[in-house]
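Heads up, the thing below is written out as structure tokens.
The values are calculated or read from the model by the stated rules, or taken from the named source; none is laboratory data. As the structure is a computational prediction, the values presented were derived from the model and not from experiment. Note that we place each Cβ from the backbone using ideal geometry, even for glycine, and neighbour counts take in every protein chain shown.
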Amino acid sequence: MAGLALQGALLAAPAPERRTTPGAAGPMAQPCAELVARLPNVRRELCEAARLAPTGVRSVRGREIFWRDIEPPQPGLRVLVVGAMHGDELSSAAVALHWIRLAETPPADTPLAIHWRFVPVLNPDGVLARPPTRVNASGVDLNRNFPTPNWARDAPVYWEKRTRRDPRRWPGPRPLSEPESRFLHQQLQTFHPQLVVSIHAPYGVLDFDGPSVPPTRLGRLYLDQVGIFPGSLGNYSGVHKGVPVVTVELFNSLRTPTEAEMRQMWLDLLRWTSERLAPTATTGLPLPAAGAQRQP
């Protein structure tokens, strides 16, 4: 019965909101002025060079969600990078913008051409709130709003029992109840990434969910698989759908790593991607299964 209820909830979830008039102005129609004023270590030149484009999808408060595609000729892999799923993790959006610059000029010895899709700010309402909030404008933790199996049973129980009804971790009334989570879910279905990189803060670790052998480190972040949560992106994409999710947990929500550290994290990510995912991308062979995940 729980599976039928979940299926019904998914069928009832509306498609992501889109503008009816192309190019129509709206909140955050030009994102850099607001982002530069809010994000750490992001200058106007960096933001404008990222050339963020509107997706046509709006947040709860009507703010545009932006993205950037970097697609080389004949890419061998598709990678989706997401920042600021939690709006108070400002450094995550800043790092995503810095990584766009690095993705534009890959190292000459990179063996794999990658189609990158960046969504630096998934939760613009949370980022631009004063003070910024983890949840979106509906009070939903977007990283508990994805349709993992038995969500209707497990997500509310986890929220009530394990978090003691923490308002910062409310999973929402149903899976994909929010335009922001519906947008990201749609990307998984239409872009078909072979890897998802989700940037968070401030626990200072590297987490991993799904198939393949996880990276052991990115820069100063070392692997520490913290387990899976009902409704989380790692649980849904990595465990349930089999698309690996690398979760980057920066050390600080309000400060980015140094330029050198961000570059080293990027190079480590490229190296691991080429070593572990390139064979699957080129041969079509299934990825080796990862070890069992710990349940928190």
* Asked: In the stretch 155-186, what residues are in contact with a Gly (Cβ under 9 Å, 6 or more places away or on another chain) and within 20 Å of G242 (Cα to Cα)?
  -> P175, S181
* To do: Give me the pairs, please: first residue somewhere in the stretch 74-95 and in contact (Cβ under 8 Å) with a residue 24 or more places away in the chain, second residue anywhere and surrounded by fewer than 24 Cβ atoms within 10 Å (Cβ to Cβ) and aromatic (F, W, Y), beta-carbon distance under 6 Å, and either six or more positions apart or on two chains.
  => V79/W116; V81/F118
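I want to confirm something. Restricting to the stretch 130-139 and keeping residues that are touching a residue at least 24 places away in the same chain (Cβ under 8 Å) and farther than 24 Å from G56 by Cβ, which single residue is surrounded by the most Cβ atoms within 10 Å (Cβ to Cβ)?
In this case the residue turns out to be R134.
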* In the stretch 222-236, what residues are out of contact with any Leu (no Cβ under 6 Å at 6 or more places or on another chain) and either touching a residue at least 24 places away in the same chain (Cβ under 8 Å) or among the aliphatic types (A, V, I, L, M) (or both)? -> Q225, V226, G227, I228, F229, P230, G231, S232, L233, G234, N235, Y236
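Taking the conditions exactly as written (of a type outside the set (A, V, I, L, M) and under 14 Å from the mean Cα position of the chain (by Cα)), does Q189 satisfy them or not? Let's see the steps before the verdict.
Working: of a type outside the set (A, V, I, L, M): yes; under 14 Å from the mean Cα position of the chain (by Cα): no.
So Q189 does not fit the description; no.
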* **Filtered residues of the stretch 177-226 (kept if more than 21 Å from I114 (Cβ to Cβ), among the small types (G, A, S) and out of contact with any Ser or Thr (no Cβ under 8 Å at 6 or more places or on another chain))** => S181, G204
* To do: Would you check if there is a residue in the stretch 269-287 being closer than 15 Å to I199 by Cα and at pLDDT 85 or above?
  => yes
* Count of the stretch 101-116 residues which are buried (at least 19 other Cβ atoms within 10 Å of the Cβ) and among the charged types (D, E, K, R) -> 0
* Please state which of the following conditions V213 fails to meet, knowing it meets all the rest: (1) surrounded by fewer than 16 Cβ atoms within 10 Å (Cβ to Cβ); (2) in contact with a helix residue (DSSP H, G or I) (Cβ under 9 Å, 6 or more places away or on another chain); (3) under 23 Å from A93 (Cβ atoms). => (3)
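Within the stretch 116-129, is even one residue farther than 19 Å from T55 by Cα and either under 13 Å from the mean Cα position of the chain (by Cα) or touching a residue at least 40 places away in the same chain (Cβ under 8 Å) (or both)? Explain how you work it out, then say what you get.
First, the residues of the stretch 116-129 that are farther than 19 Å from T55 by Cα: 129.
Next, only the ones that are either under 13 Å from the mean Cα position of the chain (by Cα) or touching a residue at least 40 places away in the same chain (Cβ under 8 Å) (or both) stay: 129.
Yes: one or more hits.
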* Asked: If you go through the stretch 241-252 one residue at a time, do you hit one that is surrounded by fewer than 19 Cβ atoms within 10 Å (Cβ to Cβ), of a type in the set (G, A, S) and in contact (Cβ under 8 Å) with a residue 12 or more places away in the chain?
  -> yes
* Would you mind telling me which numbered condition in (1) among the polar types (S, T, N, Q); (2) surrounded by fewer than 24 Cβ atoms within 10 Å (Cβ to Cβ); (3) at pLDDT 95 or above Q30 fails? => (3)
* To do: Of the conditions (1) touching a residue at least 12 places away in the same chain (Cβ under 8 Å); (2) out of contact with any Lys or Arg (no Cβ under 8 Å at 6 or more places or on another chain), T105 clears all except one; give me its number.
  => (1)
* Boolean, H98 is of a type outside the set (S, T, Y) and over 27 Å from E275 (Cα atoms) -> no
* **Sole exception among (1) surrounded by 15 or more Cβ atoms within 10 Å (Cβ to Cβ); (2) among the acidic types (D, E); (3) within 22 Å of Q186 (Cβ to Cβ) for D88, by number** => (3)
* When the stretch 148-178 is examined, which residues are found to be buried (at least 23 other Cβ atoms within 10 Å of the Cβ) and either closer than 14 Å to L122 by Cα or not polar (S, T, N, Q) (or both)? -> W151, A155, P171, G172, P175, L176, E178
